[in-house]
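The values are calculated or read from the model by the stated rules, or taken from the named source; none is laboratory data. Because the structure is predicted, anything quoted here is derived from the model rather than measured. So basically every Cβ, Gly included, is an ideal-geometry build from the backbone, and we count neighbours across all protein chains shown. The area values use the complete protein model at the heavy-atom level, side chains included, leaving out ligands, DNA and RNA. Shrake-Rupley method; radii C 1.70, N 1.55, O 1.52, S 1.80 Å.
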Amino acid sequence: MTVHLSERPAPVATLPVVRPRPAPSAPRVRRLVLEVARFSVVGGSGVAVNILFFNLALHGLTWAPMAATVVASCVAMGTNYLGFRYFAYRDRASRTRRQIALFFAFSGLGVAMESVLFYAGYHGLGMSGPLGSNIAKALSIVLASAFRFVVYRTWVFQHARNGR
């Protein structure tokens, strides 16, 4: 009988160690809450401009529904830029051509999303009356705003490069 002293016992399968993520720090959470609040104030005023201009164009001036929604969204985009730049994200990097270009490029995507969603509600779901058109408009704004929040804070109004 031969005994091999170099044999090792069979490896035992082990489960990976799962370490819990550290809880976010209170100052970080506070900054995010304030950012969301400022974004909401500017966004809320933009929604008001958007809805008011939309209703004026659609019901007052009898524009076509898609023209009314696109123009209203573009007017709100302009007012929102000023609000975001000088209120919501005033602590971020200074205004640059890149920032302006990114804002209007991403806002243009937001307007396109909003318009497609409005079209789906207005024509696809038959939300064409005065109340229905406003509900379709409001829902399209809310859904497109989630996209805008992420891209504005991530790419448009970035923190300065000094590590903040």
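Observations on the structure shown:
- In segment 81-129, the alpha-carbon atoms span a convex hull of 85 Å³ per residue.
- Note on segment 36-141: Kirkwood radius taken over Cα pairs, Stokes-Einstein applied at 10 °C and 1.306 mPa s, translational D equal to 112 µm² s⁻¹.
- Surrounding net charge for Asn50, when Lys and Arg each add one and Asp and Glu each subtract one, Cβ distance under 14 Å: +1
- Under 5 Å from the amide H of Arg92 lies no amide H of any residue 5 or more positions distant or on a separate chain, with H modelled from the backbone and absent for Pro and chain starts.
- Euclidean distance between Cα centres, segment 41-75 to segment 99-146, Å: 10
- Karplus-based coupling profile of segment 139-147, in residue order and whole Hz: 5, 5, 5, 4, 5, 6, 5, 4, 4, with θ = phi - 60° in 6.51 cos²θ - 1.76 cosθ + 1.60 and x standing for Gly or Pro.
- From phi via Karplus (6.51, -1.76, 1.60), per-residue ³J(HN,Hα) for segment 36-47 in Hz, x at Gly/Pro: 5, 5, 5, 4, 5, 5, 5, x, x, 5, x, 5
- A simple spin-label model places the labels of Ile100 and Trp155 1.9 nm from each other, with each point 7 Å out along Cα-to-Cβ.
- Stretch gain in nm, segment Ala138-Leu34, where the contour uses 0.36 nm per residue and the Cα spacing is subtracted: 35.1 nm
- Once backbone amide H atoms are built at 1.01 Å from N, Trp63 has Leu58 as its partners under 5 Å, excluding neighbours fewer than 5 places away on the same chain.
- Share of carbon and sulfur in the accessible area of segment 70-164 stands at 68%, probe radius 1.4 Å.
- In order through segment 79-87: 3J(HN,Hα) via Karplus (6.51 cos²θ - 1.76 cosθ + 1.60), integer Hz, x for Gly, Pro: 5, 5, 4, 4, x, 5, 5, 9, 10
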